[in-house]
1. Could you tell me which residue of region 1-21 is nearest to Gln67 (Cα to Cα), considering only residues that are in contact (Cβ under 8 Å) with a residue 24 or more places away in the chain and aliphatic (A, V, I, L, M)?
2. Residues that are in contact with a helix residue (DSSP H, G or I) (Cβ under 8 Å, 6 or more places away or on another chain), touching a residue at least 24 places away in the same chain (Cβ under 8 Å) and not in a loop (DSSP other than H, G, I, E, B): does region 27-36 have at least one?
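Please treat every number below as a calculation from the coordinates, not as lab data. This one's a predicted model, so the numbers in the text were calculated from it and none came from an experiment. Neighbour counts run over all protein chains shown; Cβ positions are idealised from the backbone, glycine included.
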Amino acid sequence: MRLADALEDTRPQPVRCTIGKILDSLEGEDRATLEHALDPESGWAHAQIARALAKIGIKARGPAIGQHRRGVCSCP
């Protein structure tokens, strides 16, 4: 194995934020719906999205939603 390959194998993987992890856990229509709601142009407030997620058993806080929407979270 070359050193470059060994170094690449040890590179830490990007860590997804809470909202990124939630997106990763959803499929199909639910994922598409959340992606649409997260679009800043959608008109949905952070708190509204958090309440909707809570209704289906997913915990997310408004500030985390805001950070993800602005692209200042830990998602790659």
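1. Ile19
2. So far as region 27-36 goes, no, none of its residues is in contact with a helix residue (DSSP H, G or I) (Cβ under 8 Å, 6 or more places away or on another chain), touching a residue at least 24 places away in the same chain (Cβ under 8 Å) and not in a loop (DSSP other than H, G, I, E, B).
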